[in-house]
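Single-structure report; data block below.
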Amino acid sequence: MPDLYPLARKILFQMDAEKAHHLTLKGMNLAHKTGLLGFLTGASSESQNHPVEVMGLSFPNRVGLAAGLDKGGTAVDAFGQLGFAHIEVGTVTPRPQPGNEAPRLFRLIEHEAIINRMGFNNPGTTGLLENLEHSTRSSRPFQGILGINIGKNFDTPNENAIDDYVKAFEAVYNKADYVTANLSSPNTAGLRDLQSGEICSKLIEALQQKRSEMMAGEAGKQVPIVIKIAPDLDEAAIESLAKVFNESGVDGVITTNTTISRDSVESHPLGNEKGGLSGAPLTTLSTGVLETLRSSLNREIPIIGSGGVMTVQDAEEKLNAGASLVQVYTGLIYHGPALIRGIAKL
Ligand SMILES: Cc1cc2nc3c(=O)[nH]c(=O)nc-3n(C[C@H](O)[C@H](O)[C@H](O)COP(=O)(O)O)c2cc1C
């Protein structure tokens, strides 16, 4: 079967980026339901045969879907069929919210990059759980690891941010295999200030406290807590965060979210759109943050490498720099499911 993705990409890239996104999710769900998705994308069960143990969970291979592509958890089974061993849905906030005004998603094709300022458009924790419930009834349900990425509502002031994270954490706890607290989106004002050592430490403590309550109650299971950080942190900030992570005993860290830097895309007509930049221009910056963090983080705390994984080699470089798993978003848009199949074999 020839790779159909270059053709699909040609058609999708002629459409507005956000419309193409919604159409792709709908098309994938339809193809999944009718049993055609595996055939059309060349997916095979071979990609699930490279298991690795991370955070006490058994991942069928090392590649996952990064947060933000399936914010509402409407296409988990279909993404699973593409070969992803873990899928991170969200960011989800306690209350639903519409996100920023469109246009808010831009392709910088020459740079294999995206700029987005979506602003956590999401159905809220209740909406997400309803969507995931539909999934359970699918004829080919996702068998991998489900991460749920949480954030605060845009209108919750930072002094009450921890309450939002705890609320969202409690709401999704039973459904999640792990939960990521996203402290690094550039599109919610003040969110990245939560990366200061003191606040981050308080947040982790509050989530661990809630987890103890959940474990003592009906939930029984211990859900790993993961923190997702930005690539725009200097060495001192990364080291001070590593200290917080080591002392708090957080279960994992994702390096990194999108960047606010525009160094390599300044000359592009869309290069100065506000938001977070992802894809090829982020690879080196993001892997550098991973390396710096790895050198000061306790060995037993795993890192998940996200940011500019556009080729199998980029994924290998993140693993060599100390990541236990990698995640892909923009690489999937530019290179399609063949990239996921390639990384799944590592
Ligand atoms: C359109 C878009 C929306 C995103 N939304 C989220 C989000 O809601 N939460 C989050 O933690 N990261 C979000 N991200 C960041 C990705 O999860 C990922 O960390 C980042 O894009 C870097 O990886 P990439 O270069 O493979 O895209 C988003 C990225 C894009 C491009």
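Is it the case, given these coordinates, that residue 26 is touching a residue at least 60 places away in the same chain (Cβ under 8 Å) and of a type in the set (D, E, K, R)?
Numbers: touching a residue at least 60 places away in the same chain (Cβ under 8 Å): no; of a type in the set (D, E, K, R): yes.
Criteria not met by residue 26.
Just to be sure before I move on: is residue 277 in contact with a strand residue (DSSP E or B) (Cβ under 9 Å, 6 or more places away or on another chain), touching a residue at least 12 places away in the same chain (Cβ under 8 Å) and surrounded by 19 or more Cβ atoms within 10 Å (Cβ to Cβ) in the structure I sent? Explain how you work it out, then say what you get.
Working: in contact with a strand residue (DSSP E or B) (Cβ under 9 Å, 6 or more places away or on another chain): yes; touching a residue at least 12 places away in the same chain (Cβ under 8 Å): yes; surrounded by 19 or more Cβ atoms within 10 Å (Cβ to Cβ): yes.
Criteria met by residue 277.
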### Query
Out of the residues in region 185-200 that are of a type outside the set (D, E, K, R) and under 17 Å from residue 236 (Cα atoms), which is farthest from the ligand (Cβ to nearest atom)?
197
### Message
Pairs needed: first member in region 282-307, within 22 Å of residue 65 (Cα to Cα); second member anywhere, polar (S, T, N, Q) and assigned to a loop (DSSP other than H, G, I, E, B); C-beta distance under 6 Å; at least 6 residues apart or different chains.
### Response
286/256; 289/256; 302/324; 307/256
#### Entry: Subset of region 76-112 (residues that are of a type in the set (Phe, Trp, Tyr), in contact with a helix residue (DSSP H, G or I) (Cβ under 7 Å, 6 or more places away or on another chain) and more than 24 Å from residue 187 (Cα to Cα))
84
#### Entry: Odd one out for residue 131 among (1) of a type in the set (S, T, N, Q); (2) assigned to a loop (DSSP other than H, G, I, E, B); (3) open to solvent by 10 Å² or more (accessible area, probe 1.4 Å)
(2)
#### Entry: Filtered residues of region 178-195 (kept if open to solvent by 50 Å² or more (accessible area, probe 1.4 Å) and either closer than 20 Å to residue 240 by Cα or touching a Leu at 6+ places or on another chain (Cβ under 9 Å) (or both))
192, 193
### Task
Could you check how many residues of region 82-105 are surrounded by 21 or more Cβ atoms within 10 Å (Cβ to Cβ) and more than 9 Å from the ligand (Cβ to nearest atom)?
9
### Task
For residue 296, work out the one condition from (1) away from the ligand (no atom under 11 Å from the Cβ); (2) open to solvent by 40 Å² or more (accessible area, probe 1.4 Å) it doesn't fulfil.
(2)
#### Entry: Search result, residues across region 251-276 that are within 14 Å of the ligand (Cβ to nearest atom) and among the charged types (D, E, K, R)
273, 274
### Message
Checking residue 205 against (1) buried (at least 23 other Cβ atoms within 10 Å of the Cβ); (2) away from the ligand (no atom under 16 Å from the Cβ): exactly one of these is not met. Which one?
### Response
(1)
### Message
Given the criteria β-branched (Val, Ile, Thr), closer than 28 Å to residue 176 by Cβ and at pLDDT below 95, does residue 199 qualify?
### Response
yes
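The values are calculated or read from the model by the stated rules, or taken from the named source; none is laboratory data. None of the values given here were measured: they were computed from a predicted structure. Because the Cβ atoms are built from the backbone with ideal geometry, glycine has one as well, and the counts that use them run over all protein chains shown. The area values use the complete protein model at the heavy-atom level, side chains included, leaving out ligands, DNA and RNA. Shrake-Rupley method; radii C 1.70, N 1.55, O 1.52, S 1.80 Å.
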